[in-house]
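Notes to accompany the following structure.
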Amino acid sequence: MNRELTFDILRAFCTLWIVGCWHSLDYLPNVNYPIIGDALTTTALSVFVFISGYFLQKYSFENIQDCCFFFKKRFVRFYLLYVLSI
């Protein structure tokens with residue numbers, strides 16, 4: 001499957017909104033953000049999750065071993081990053 005550049009760009013914009021804008025509000029004193037900020041954040045999170053799921057379609061699950069392999073691989077990948085961040 002070839003990756004579609006449009007989805008990658010959209011996912012990058014969503015990531016930049018969440019990391020660059022939304023989380024930076026925590027560092028500003030008494031910021032009253034408008035309701036549009038909540039709507040944009042919810043939309044960005046939704047788009048990010050759905051696009052990430054779309055990119056996982058390359059995996060096929062035909063038996064329990066496929067599922068176990070997938071979750072073990074994902075667990076090791078994220079757990080190592082989690083341990084490094086601690």
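Observations on the structure shown:
- With the whole protein complex present, residue 68 retains an accessible surface near 80 Å², based on a 1.4 Å probe.
- Acute angle (nearest 10 degrees) that the helix 5-16 long axis makes with the longest principal axis of the chain, alpha-carbon atoms: 50
- Backbone phi angles across region 53-61, fed through the Karplus curve with coefficients 6.51, -1.76 and 1.60 (θ = phi - 60°), yield HN-Hα couplings of x, 4, 6, 8, 5, 5, 8, 10, 10 Hz in residue order; Gly and Pro are listed as x.
- Portion, in percent, of the accessible area of the chain that falls on carbon or sulfur, probe 1.4 Å: 68
- With Cα atoms, 0 to 90° folded angle of helix 64-85 axis to the chain main axis: 40
- In this label model, residue 61 and residue 38 are separated by 3.3 nm, measuring between points 7 Å along each Cα→Cβ vector.
- Normalised contact order of the chain, rounded percent, pairs of Cα under 8 Å and 6 or more residues apart: 32
- Euclidean distance between Cα centres, region 1-28 to region 41-86, Å: 17
- Residue with peak Gaussian network fluctuation, the chain [Cα springs, cutoff 10 Å], from 47, 19, 76: 76
- Over all orientations, the chain has a Cα convex hull whose mean projected area works out to 8.0 square nanometres.
The values are calculated or read from the model by the stated rules, or taken from the named source; none is laboratory data. Source: prediction; values computed, not measured. Glycine gets a Cβ as well: all are built from the backbone with ideal geometry, and neighbour counts include every protein chain shown. For accessibility, only protein heavy atoms count, side chains too; no ligands or nucleic acids. Shrake-Rupley method; radii C 1.70, N 1.55, O 1.52, S 1.80 Å.
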